[in-house]
Amino acid sequence: MANFSYESFKLNGETLLKKVKELVNEGNVRKIIIQDHSGKEIMSFPLTVGVVGAVLIPVLAAIGAVAALVGECTITVEREDQNVK
C-alpha cells in the first residue's frame, strides 16, 4: 500500500509556473493542487510516471493563465513516499 506525504508552498503568480515546472521535473510528485489566497481550489492535476513533453503543454499553458490572474496562491504537492516498503 502506498503512503503519501503532502507539502505546501505559498507563492505569488510570477513564480507559480517556475515552481510547477521544478516539481514536475522531480519525478516523485503524484498530484499538484493550486489554491487561491482564501484556500479555494483553482485547479488540480495528477502527474503519472512518464508524463512529459507535449502532454504537459496544455497544463502549463493553463497554469500560466492562472498565474497571470492570481496575486498569491498556495501549491499543495502530493508525493509518494519512497521509504515505505
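Pairing each residue of region 57-70 that is without any contact (Cβ under 8 Å) to a residue 40 or more places away in the chain with any residue that is surrounded by 11 or more Cβ atoms within 10 Å (Cβ to Cβ) and not in a helix (DSSP H, G or I), provided the two are 6+ apart or on different chains, yields C-beta distances under 8 Å for VAL59/PHE45; ALA62/MET43. Please tell me if ASN3 is open to solvent by 80 Å² or more (accessible area, probe 1.4 Å), modelled with pLDDT of 80 or more and out of contact with any Cys (no Cβ under 8 Å at 6 or more places or on another chain). In short, no.
Matching residues to (1) open to solvent by 40 Å² or more (accessible area, probe 1.4 Å); (2) modelled with pLDDT under 85; (3) farther than 10 Å from VAL77 by Cβ:
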| site | (1), (2), (3) |
| --- | --- |
| THR15 | yes, no, yes |
| VAL24 | no, yes, yes |
| GLY27 | yes, yes, yes |
| LYS31 | yes, no, no |
| ILE42 | yes, no, yes |
| VAL52 | yes, yes, yes |
| VAL55 | yes, yes, yes |
| PRO58 | yes, yes, yes |
| ALA61 | yes, yes, yes |
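The values are calculated or read from the model by the stated rules, or taken from the named source; none is laboratory data. Model, not experiment: these values are computed from the prediction. No Cβ is skipped: glycine too gets one built from the backbone with ideal geometry, and neighbour counts run over all protein chains shown. Heads up: the accessible areas ignore ligands, DNA and RNA and are worked out on the full protein's heavy atoms, side chains in. Shrake-Rupley method; radii C 1.70, N 1.55, O 1.52, S 1.80 Å.
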